[in-house]
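For reference, the structure discussed in these notes is given below.
The values are calculated or read from the model by the stated rules, or taken from the named source; none is laboratory data. Keep in mind the model is a prediction, meaning the values are calculated, not measured. Note that we place each Cβ from the backbone using ideal geometry, even for glycine, and neighbour counts take in every protein chain shown.
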There are 2 protein chains.
Amino acid sequence: MTEAIRTWQGVMEEVRRRIHARDWPPGALIPNEADLAAEFGVARATVNRALRTLAEAGLLDRRRKAGTRVALQPVAKATLDIPVLRLEVEARGKEYGYRRLARTEALPPDDIATAMQTGDTPLLHIRALHLAGDAPYALEDRWINPGVIAAARDEPFTRISANEWLLAHAPYTHGEIGFSATNARAPEAAELGCATGSALFVLDRLTWDHARTITRVAIFYAPGHRMRTGL
Amino acid sequence: MTEAIRTWQGVMEEVRRRIHARDWPPGALIPNEADLAAEFGVARATVNRALRTLAEAGLLDRRRKAGTRVALQPVAKATLDIPVLRLEVEARGKEYGYRRLARTEALPPDDIATAMQTGDTPLLHIRALHLAGDAPYALEDRWINPGVIAAARDEPFTRISANEWLLAHAPYTHGEIGFSATNARAPEAAELGCATGSALFVLDRLTWDHARTITRVAIFYAPGHRMRTGL
DNA sequence: ACTCATATTATGTGCAGACATAATAACGGG
DNA sequence: CCCGTTATTATGTCTGCACATAATATGAGT
């Protein structure tokens, strides 16, 4: 017998080891919390914490009464941290720069109006460039609902980006985020300083305050951008 | 006084409400666990669970002795579920199809060899197409280290994709995942049935078994693919 | 003033016991 | 044999208490 397991991390590691070693193969039902607690000589709450964490990571499936089993198809869960663009640039050791390109109040295109459920009210439209050193880093194309965030009407967004201003002034209750790839059209190519047709990584986000949409933004990253995380 | 808070979810909601209502503005130090527990009439462990969950979500910053404060720049954490391609297709209500395009044992290009740290040993190379209905859904380009997964040498991968086979036969301890965009070169365009130069969304993954690399894969999604999640 | 040891404090985690809840299994009546 | 009710079981969570740990604040000694 090796040294005893004392912490929930210890229990988690041991369970992970057994899964990995195929002691408990994919799909297998593992002992219940009380039994494991007895085996490891810890409280049930400790085992619970360990198994719950593994379940959140997608390695286990748990159901009341049915018990805990090893996930058949462990869906990899990638947690991406999406910081403010300024911090993202600074984390790469580059100097951050910002340039507002346009600020208008206009009727958004149909797809935006539909997504934001704003009907045919005009919205605030901001287009801005984020720089890393001298090179364009990302292009921000944003629509803001001034009906919800009235203060945005008084903000020029020349020195502070909408990206950061909204974080400080418009908390959201929930949102949706999407990732895709698109070919650069002429305006994006000109603004990002790349060839027309270049493949751009796009992040789009729609945020809500309860039932009302606050803002919808698309971030076009300069060619070659890669977003990464551990598993 | 409204109804009492009983559960950790209840505490979490109330804390979230106070942050959102600016009772506790960004950067503010909030009361300690013991005080909150007394205020809400619950045990400290309950408050701890609530605050810990909010901290994991990026809404709070916690440090021992220093206390808990509202995050200044709430880094949005997007958790992406990356299921097996077959399930991804089936979840869209389409019929899944699979076609192996190539299977060779060869020396990988330099960047792959470097990433996998396999020196100049030959690796198993699989290229396969995943279909949704009749349309190409994604192209899989995979390198497998047979030094770690010897059984892969005996598997033709004609009926079952490497994507699924590895999940069942090669558990990993950790990995890295990346997202980017790239222009389709001639082979990808031909295999995916799209124009050369189309912007493709690419997911790449490198998995390890302790210190040894198992496999590195790139998934090229057909044009227009969008990966989405809530916030 | 400055330095280093010591006290204090907030979070992190463990334990034992209890009850809640969801889902399955067992059972009994028709 | 089918169907609805009831018992059983494993997880989910709460409580109250204890001690561990990390980080800051304090203060003694030079």
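Taking the stretch A:102-126 only, how many residues are in contact with a His (Cβ under 8 Å, 6 or more places away or on another chain) and over 15 Å from residue A:147 (Cβ atoms)?
Here the count works out to 3.
In this structure, does residue A:177 turn out to be buried (at least 19 other Cβ atoms within 10 Å of the Cβ) and under 23 Å from residue B:222 (Cα atoms)?
Considered against the rule, which asks whether it is buried (at least 19 other Cβ atoms within 10 Å of the Cβ) and under 23 Å from residue B:222 (Cα atoms), residue A:177 comes out as yes.
Starting from residues that are within 33 Å of the chain's Cα centre (by Cα) and over 25 Å from residue B:172 (Cα atoms), keep the ones in the stretch A:47-72 and report whichever is surrounded by the most Cβ atoms within 10 Å (Cβ to Cβ).
Filtering the stretch A:47-72 for residues that are within 33 Å of the chain's Cα centre (by Cα) and over 25 Å from residue B:172 (Cα atoms), the one surrounded by the most Cβ atoms within 10 Å (Cβ to Cβ) comes out as A:66.
Hey, any hits in the stretch A:182-191 for a residue that's more than 16 Å from residue B:184 (Cα to Cα), free of Cβ contacts under 8 Å to residues at least 60 places away in the same chain and touching a Leu at 6+ places or on another chain (Cβ under 8 Å)?
Checked against the condition, which is being more than 16 Å from residue B:184 (Cα to Cα), free of Cβ contacts under 8 Å to residues at least 60 places away in the same chain and touching a Leu at 6+ places or on another chain (Cβ under 8 Å), the stretch A:182-191 yields at least one hit.
Look at residue A:197 and say whether it is at positive phi, surrounded by fewer than 21 Cβ atoms within 10 Å (Cβ to Cβ), modelled with pLDDT of 95 or more and within 14 Å of chain B (Cβ to nearest Cβ).
Against the criterion (at positive phi, surrounded by fewer than 21 Cβ atoms within 10 Å (Cβ to Cβ), modelled with pLDDT of 95 or more and within 14 Å of chain B (Cβ to nearest Cβ)), residue A:197 qualifies.
Limited to the stretch B:57-69, what total is found for residues that are of a type in the set (D, E, K, R) and in contact (Cβ under 8 Å) with a residue 12 or more places away in the chain?
1
Taking the condition within 16 Å of DNA strand D (Cβ to nearest atom), in contact (Cβ under 8 Å) with a residue 40 or more places away in the chain and of a type outside the set (D, E, K, R), does residue B:72 pass?
yes
Would you tally the residues in the stretch A:4-43 being more than 14 Å from chain B (Cβ to nearest Cβ) and within 14 Å of DNA strand D (Cβ to nearest atom)?
The total comes to 18.
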